[in-house]
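Beneath this line is the structure, given in structure tokens, with notes to follow.
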Amino acid sequence: MKTTKRIVALLLSLVMLFSLTCVASATEEKAAFDDYPHPVVKSDGALTIGFISDKPEFESIQRILQQLRLECTHRGWELVEVVYESEQDLRDKVLNLINQNVDAILTFSLTNMDSKQDLVAQARAAGIGWYNMDTQIVDGVISNSAMPDGLAGATLMYAIGEKSKWNEGIAVITKKSIQVHYERTDVMSAIASCYSTANILSEQDIAAVTYDELQAANDFTKTWVTQYGDQLTGIITSTDYFGVPVAEALTQAGVDNVWVSGFDGGSETWSYIRNNTPLQYSYAVPDELFVHKALEVVDDIQVEGLNPGDEGCAISHVGEIMYCEGIVIDRDNCPAVGTNIHAVFDYYGGDPDDADAWYNWNDGDGAYVVTDYVEE
């Protein structure tokens, strides 16, 4: 009888040891790589990702979400999508994600990141990884996948200037509460100002308005048309989201000799360019690559258990910005309806048929495809 009890006890101990080993292999504690605890590591890959953004009507957000859904499905991760409507709502919803104990938080194009550093600290203290996309880095953010926006602005301005011979009277709409917006437009203004035949007539910070941004962009445009007349030849905007209402305002005013430029790209923007509206130039932003690079870092840090700087890790240090370049789109190279977004940016490189390559993943709704935009 005693022997039987000992055998049973031994078996129970072995079962408990095996269970603990399984748990440990699925969720591992790692040494910290910065001033916060190492984000939770789940070697079984069962991560829950919280994504927070505003303006779901913004086409860049739609592209980001489509790629996030595709990649999370492919990787076997759960995605929690959160939309905020105000700064206080954002804070409440980030705290809710922390209380839900998600494994990682991803952001896209948040404003005034300095004021959100305490949220980042709370998330990191709870073992949650925080990763940005196209958003300013603050202490505790592990990585940011973004565009070199100053370089993009310069590339766009030189493309416009060469076509116009730098004979320009330019007005600018930007958004000073988001760093990447004025990185783009400040560089464009600075380059244009180097040419004696170009002149910056006016600049408006849309973050300073107290009413609807799209209506404000429309109002600024109509004011400039009246104020400057034939002196106005072009309007720079920091995003196509503003460029579209600016183009509409020019059309409504019967003005057909003023160009509009923006940043982002997508079916709506390319429809405007394709149909010869005043919106003639847009720097196409590689949103899908932002997503892929961000999730590769999440995988390295929180599935593989690597630290920044380790061999095989996508980032060399905490807070690294992984830069992704886009392309200038105008009437000469506007993507056709039905084009896969990866072909627009030529992610295919030398091997478009590599089934394992991220740009050929087709989970969920698949990759974004250019459509013939129709306003609802």
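Things to note:
- Positive-end extreme of charge dipole, the chain - chosen from Gly366, Val244, Gln117 (charges on Cβ): Gln117
- Spacing of the two label points (7 Å from each Cα toward its C-beta) at His317 and Asn112, in nm: 3.0
- Using a cut-off of 30 Å between Cα atoms, the listed pairs Lys116/Lys222; Lys55/Lys116; Lys176/Lys293; Lys163/Lys222 include Lys116/Lys222 as exceeding that distance.
- Simple Cβ-charge dipole of the chain, Lys/Arg +1 and Asp/Glu -1, about Cα centre, in debye nearest 20: 900
- Working from Cα pairs under 8 Å separated by at least six residues, relative contact order for segment 172-267 is 29 percent.
- Backbone geometry of segment 108-122 corresponds, through the Karplus equation with coefficients 6.51, -1.76 and 1.60 at θ = phi - 60°, to 3J(HN,Hα) couplings of 9, 6, 7, 8, 6, 4, 4, 7, 10, 4, 5, 5, 4, 4, 5 Hz, x marking Gly and Pro.
- DSSP beta bridge pairing in the chain, given as percent antiparallel to the nearest 5: 15
- Gaussian network model of the chain, Cα within-10 Å springs - most flexible of Tyr182, Tyr272, Tyr84: Tyr84
- HN-Hα J in Hz across segment 78-86 - Karplus 6.51, -1.76, 1.60, θ = phi - 60°, x for Gly and Pro: 8, 10, 10, 9, 10, 10, 10, 10, 8
- DSSP-defined antiparallel bridges as percent of all bridges, segment 254-349, nearest 5: 40
- Amide H contacts under 5 Å for Val285: Asp264, Gly265, restricted to partners 5 or more places along the chain or on a different chain, H placed in the peptide plane at 1.01 Å from N.
- A simple spin-label model places pseudo-atoms 7 Å from Cα toward Cβ; at Ala154 and Ala343 they are separated by 3.3 nm.
- Sequence ranges 308-320, 169-181, ranked by mean other-Cβ count within 10 angstrom, highest first: 169-181, 308-320
- Note that the chain carries a Kirkwood radius of 22.5 Å, evaluated over its alpha carbons pair by pair.
- Solution diffusion estimate, µm²/s, Stokes-Einstein, segment 22-133, Kirkwood Rh from C-alpha pairs, 37 °C, viscosity 0.692 mPa s: 223
- Using just its DSSP H runs of length 4 or more, each adding -39500 (n - 2.57), the chain gives a mean residue ellipticity at 222 nm of -13000 deg cm²/dmol after division by all residues.
- Amide H contacts of Glu168: Ala198, Asn199, each under 5 Å away and 5 or more positions distant or on a separate chain (H built 1.01 Å from N in the peptide plane; Pro and chain starts excluded).
- Chain lengthening between Asp372 and Glu57 when straightened (0.36 nm per residue, less Cα-Cα): 111.7 nm
- Most mobile of Gly262, Gly364, Gly153 in a GNM of the chain (Cα contacts under 10 Å): Gly364
- Mean-position separation - Cα centroids, segment 306-376 and segment 131-189, in angstrom: 20
- Solvent-accessible surface (1.4 Å probe) assigned to Trp130 amounts to roughly 0 Å².
- In terms of the mean number of neighbouring beta-carbon atoms within 10 Å, the peptides 327-340, 282-295 order highest first as 282-295, 327-340.
- Take every pair of alpha-carbon atoms less than 8 Å apart whose residues are at least six positions apart; their mean separation over the length of the chain yields a relative contact order of 17 percent.
- Amide H contacts under 5 Å for Thr371, placed H, 5+ residues apart: Ser267, Gly338
- Label-reachable residues, segment 114-154, where backbone N falls under 15 Å from a point 7 Å from Leu95's Cα toward its Cβ: 116-123
- Just checking the listed ones, Asp256, Asp134, Asp353: in the Gaussian network model of the chain with Cα springs under 10 Å, the one fluctuating most is Asp353.
- Between 0 and 90 degrees, the angle of helix 240-252 with respect to the longest Cα principal axis of the chain falls at about 30 degrees.
The values are calculated or read from the model by the stated rules, or taken from the named source; none is laboratory data. It should be emphasised that the depicted structure is a prediction, and the values quoted were computed from it without experimental measurement. Using ideal geometry, Cβ is built from the backbone for each residue, glycine included, and neighbour counts are taken over all protein chains shown. Keep in mind that these areas ignore ligands, DNA and RNA; they rest on the heavy atoms of the full protein, side chains included. Shrake-Rupley method; radii C 1.70, N 1.55, O 1.52, S 1.80 Å.
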